[in-house]
Amino acid sequence: MKEIEFKIKGLMMDPLTNSPIVVLQDTQSDTLLPIWVGIFEANAIALQIEKIDTPRPMTHDLIKGLLNQLNAKVTKVVVTELRDNTFYALIFLDVAGKVMTMDSRPSDAIALALRTDSPIYVTEEVIAKSASAAASAPSAERTSPEDIKQWLENLNPEDLGKYKM
């Protein structure tokens with residue numbers, strides 16, 4: 001399955017559910033992929049986006065430190081699957097020349113990718129499923145896919161800037 005490189009466009013709150021969303025954008029197009037994440041994971045991502053140092057290592061900083069001590073390098077993270085409205089990801093590691101993968105929540109994979117300057121990829125299958133999931137979502141749960149698309153496209157840079165806890 002083809003992987004497409006994405007970058008973090010921003011982090012914001014869903015006005016409907018008041019849940020944090022990481023918005024990824026295709027590096028070669030305007031394709032956006034919103035991923036709803038937990039508050040603690042959003043905070044870990046926000047701290048790194050804002051380049052805020054914490055007095056003690058946070059979980060993802062600890063993982064980065066462990067990987068460094070073990071001479072393991074994160075080569076990329078890939079959002080690999082969307083099943084039952086849940087995203088799945090893999091963290092790819094280079095350990096002494098051997099490629100290893102670790103199952104991960106996308107939010108944790110993204111937080112680690114930010115800390116290790118590793119690229120973020122999304123499979124074409126996830127992009128297609130995400131688009132079709134938005135298209136088939138009942139209107140009681142969310143607005144129409146066109147409304148969601150328009151909402152994402154019309155976000156102001158301020159909306160994707162500072163993440164408010």
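Across the stretch 107-125, which residue is farthest from Q48 (Cα to Cα) among those that are in contact with a helix residue (DSSP H, G or I) (Cβ under 9 Å, 6 or more places away or on another chain) and not β-branched (V, I, T)?
The selected residue is P119.
Before we move on, is R56 crowded, with 18+ Cβ neighbours inside 10 Å, more than 22 Å from S132 (Cα to Cα) and of a type in the set (D, E, K, R)?
Against the criterion (crowded, with 18+ Cβ neighbours inside 10 Å, more than 22 Å from S132 (Cα to Cα) and of a type in the set (D, E, K, R)), R56 does not qualify.
So which residues in the stretch 3-22 are over 19 Å from A113 (Cα atoms) and either in contact with a Phe, Trp or Tyr (Cβ under 6 Å, 6 or more places away or on another chain) or among the charged types (D, E, K, R) (or both), if there are any at all?
Listed by number, the residues that qualify are D14, S19.
Which condition breaks for D61 when tested against (1) within 13 Å of the chain's Cα centre (by Cα); (2) surrounded by 18 or more Cβ atoms within 10 Å (Cβ to Cβ)?
Checking D61 against (1) within 13 Å of the chain's Cα centre (by Cα); (2) surrounded by 18 or more Cβ atoms within 10 Å (Cβ to Cβ), the one that fails is (1).
Do we have any residue at all in the stretch 138-158 that's over 16 Å from V23 (Cβ atoms), modelled with pLDDT of 90 or more and assigned to a loop (DSSP other than H, G, I, E, B)?
No; the residues of the stretch 138-158 include none that is over 16 Å from V23 (Cβ atoms), modelled with pLDDT of 90 or more and assigned to a loop (DSSP other than H, G, I, E, B).
Run P34 past the list (1) touching a helix residue (DSSP H, G or I) at 6+ places or on another chain (Cβ under 7 Å); (2) of a type outside the set (K, R); (3) surrounded by 11 or more Cβ atoms within 10 Å (Cβ to Cβ); (4) farther than 16 Å from S107 by Cα and report the number of the one that doesn't hold.
The one condition P34 does not meet is (4).
Yes or no: the stretch 113-123 includes at least one residue that is in contact (Cβ under 8 Å) with a residue 60 or more places away in the chain, under 17 Å from the mean Cα position of the chain (by Cα) and over 20 Å from W36 (Cβ atoms).
Among the residues of the stretch 113-123, at least one is in contact (Cβ under 8 Å) with a residue 60 or more places away in the chain, under 17 Å from the mean Cα position of the chain (by Cα) and over 20 Å from W36 (Cβ atoms), which makes the answer yes.
Exactly one of (1) over 17 Å from the mean Cα position of the chain (by Cα); (2) more than 22 Å from Y88 (Cα to Cα) is unmet by D30. Its number?
(1)
Can you go through I52, I21, I35, I8 and tell me which one is without any contact (Cβ under 8 Å) to a residue 60 or more places away in the chain and part of a strand (DSSP E or B)?
Unique residue meeting the criteria: I21.
Say we look at the stretch 105-129 and pick out the residues that are surrounded by fewer than 20 Cβ atoms within 10 Å (Cβ to Cβ) and of a type in the set (G, A, S); which of these is modelled with the lowest pLDDT?
The selected residue is A128.
Which count do you get for residues in the stretch 75-104 that are part of a loop (DSSP other than H, G, I, E, B) and within 15 Å of the chain's Cα centre (by Cα)?
1
What tally of residues in the stretch 102-125 results from selecting those that are in contact with a Leu (Cβ under 7 Å, 6 or more places away or on another chain) and more than 11 Å from K2 (Cβ to Cβ)?
4
The values are calculated or read from the model by the stated rules, or taken from the named source; none is laboratory data. Values in this document were obtained by computation on a predicted structure and should not be read as measured data. Cβ: placed from backbone, ideal geometry, glycine included. Neighbour counts: every protein chain shown.
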